[in-house]
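I have placed the structure first, in the form of structure tokens, so that the comments after it can refer back to it.
Bear in mind these aren't lab numbers, they're just calculated from the coordinates by the rules spelled out. As the structure is a computational prediction, the values presented were derived from the model and not from experiment. Ideal geometry is used to build each Cβ from the backbone, glycine not excepted, and the neighbour counts take in all protein chains shown.
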Amino acid sequence: MTIFLTGASGYIGGAVAVRLMRDGHRIRGLARSPETAARLRALGIEPVPGDLSDTALLAREAKAADAVINAASADDRAAVEALLDALAGSGKPFLHTSGTSVVGDDARGDWASDKIYDEDTPVDPVPGKAARLAIDRLILDAAGRGVRSVVLCNSLIYGTGPGLNPDSVQIPVLAAAARKTGLVRHIGRGLNIWSNVHVDDMADLYALALQRAPAGAFYYVENGEASFAEATAAIARRLGLGAPQPWPVDDAIAALGFGTAVYSLGSNSRVGGKRARAELGWAPKHASLIEWIEREMPVG
Ligand SMILES: NC(=O)c1ccc[n+]([C@@H]2O[C@H](COP(=O)([O-])OP(=O)(O)OC[C@H]3O[C@@H](n4cnc5c(N)ncnc54)[C@H](OP(=O)(O)O)[C@@H]3O)[C@@H](O)[C@H]2O)c1
């Protein structure tokens, strides 16, 4: 298949591209700079110069491809609308990358939620995540417009990515802050829990969904969970630093921004990925974020 991929130079998109090229697919990847284009080409990805705001380009590429994968942004509605309009009536697959902060709460590290969402649990998002959830629903509704549309809702992804960006957006951020300051910190008390998945298992699920996910399918992508207190304790052991300390949320917001501090690192986001296992036979191989941090997370 020829696949048009947005986010080809990113952590998720890069891993998906490498995985799909192994299956013999041809990847055309959106690249927003000449440097990125050259680096994509060296990986075997055909660069498509442009960015998500060029909706005419997105439509052209979507029409010319056999499938489209959006891994650049979970939050760009205009780009998604352009891609869906171009694919309407074609029956082609459209895989969209979302994230489980749509089920996140406002714990700011201070409590562990006992609520675990599966694909049948209704979601009532915090105000900052309502727009992302609305995009997910728009994509699922496109099944009624002749698109084999699928949403992959990723939990915390860990592991070293094989594409141009090896780093994910949660654990590497905490590890980088720890290396810089010599202090490992979690938001508030670190009691909040996130589901997680290894980047290679995530990429396998994209490959399976591309092959055979039915139109309108929504999958939580998860294979385990940990609290941020547990994750930061593992970071401290891996980096040889002292016990994790609370990071007052206002200080974390000032250092990392609201979205990262409150949604990505401070919330609870617990999901059960039942549907991918039952429907696609997804069998993830990596089961422990903590072991990965302790044994494999880059220390430098
Ligand atoms: N990593 C996770 O654990 C995780 C989990 C769930 C959901 N998500 C969501 O999944 C999406 C991708 O995450 P990621 O971790 O792969 O991020 P990333 O490593 O920062 O990659 C983002 C990719 O999208 C490209 N991009 C961003 N804005 C663009 C635009 N306006 N036009 C064209 N290309 C654009 C970037 O290009 P450049 O190389 O030019 O910057 C890069 O290739 C994000 O929305 C993120 O919130 C991530």
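Does the stretch 111-253 come out rounded, prolate or oblate by the C-alpha gyration tensor, with a ≥ b ≥ c the root eigenvalues, rounded set by a/c under 1.5 and, if not, prolate when a/b is larger than b/c and oblate if not?
Since a/c reaches 1.5 and a/b is larger than b/c, the shape of the stretch 111-253 is classed as prolate.
Relative contact order of the chain, please, whole-number percent, based on alpha carbon pairs below 8 angstrom and at least 6 residues apart.
Relative contact order of the chain: 21 percent.
Would you mind working out the magnitude of the charge dipole of the chain relative to its Cα centre, with +1 at each Lys and Arg C-beta and -1 at each Asp and Glu C-beta, to the nearest 20 Debye?
That gives a dipole near 580 debye.
Taking neighbour counts of Cβ atoms within 10 Å as a proxy for exposure, in what order, fewest first, do Arg275, Arg28, Arg295 appear?
So the residues, fewest neighbours to most, are Arg295, Arg275, Arg28.
Using the count of nearby Cβ atoms within 10 Å as a rough guide to exposure, how do Asp105, Asp118 rank from fewest to most?
Result, fewest neighbours first: Asp118, Asp105.
How much of the DSSP bridge set in the chain is antiparallel, in percent, rounded to the nearest 5?
Of all bridge pairs located within the chain, approximately 10 percent are antiparallel.
Can you give the extra length, in nm with one decimal, that the chain gains between Glu46 and Ala130 once fully stretched, where that is 0.36 nm per residue apart less the Cα-Cα distance?
Between Glu46 and Ala130, full extension yields 26.8 nm more.
Can you sort Ser113, Ser155 from fewest to most other Cβ atoms within 10 Å of each residue's own Cβ?
Final ranking by Cβ density, sparse to dense: Ser113, Ser155.
What does the charge dipole of the stretch 93-171 about its Cα centre add up to, to the nearest 20 debye, if the Cβ of each Lys and Arg holds +1 and the Cβ of each Asp and Glu holds -1?
380
Nearest 5 percent is fine: what portion of the DSSP beta bridges confined to the stretch 1-114 is antiparallel?
Antiparallel: roughly 0 percent of the beta bridges in the stretch 1-114.
Quick one: helix 199-212 against the long Cα principal axis of the chain, what's the angle to the nearest 10°, folded into 0 to 90?
30
Considering only DSSP beta bridges whose two residues both sit in the stretch 123-260, what percent are antiparallel, to the nearest 5?
20
For Asn154, which sequence-distant residues (separation of 5 or more, or a different chain) have an amide H within less than 5 Å of its own amide H, given hydrogens modelled in the peptide plane?
Ser98, Gly99, Thr100, Val221
Any chance you could run the full-extension gain for Arg137 through Thr181? It's 0.36 nm times the residue separation minus the Cα-Cα distance, nm to one decimal.
Value of the extension gain: 11.7 nm.
In the chain, what is the count of Lys pairs whose alpha carbons are under 20 Å apart, counting only pairs at least 8 residues apart or on separate chains?
4
Which far-off residues, 5 or more places away or on another chain, put their amide H under 5 Å from the one on Arg185, with H placed in the peptide plane?
HN-HN under 5 Å from Arg185: Gln245.
Compute the signed sum of charges (Lys and Arg +1, Asp and Glu -1) over the other residues within less than 11 Å, Cβ to Cβ, of Gly190.
Local net charge: +1.
Round to the nearest 10 and give me the degree value, 0 to 90, for the angle of helix 55-64's Cα axis relative to the longest principal axis of the chain.
Value to nearest ten degrees: 60.
Helix 77-87 sits at what angle to the longest principal axis of the chain, using alpha carbons and giving 0 to 90 degrees rounded to 10?
30
How big is the charge dipole of the stretch 102-243 about its Cα centre, in debye rounded to the nearest 20, if each Lys and Arg gets +1 on its Cβ and each Asp and Glu gets -1 on its Cβ?
In total the dipole reaches around 580 debye.
Defining a contact as two alpha carbons under 8 Å apart and six or more residues distant in sequence, what relative contact order in percent does the stretch 170-287 show?
42
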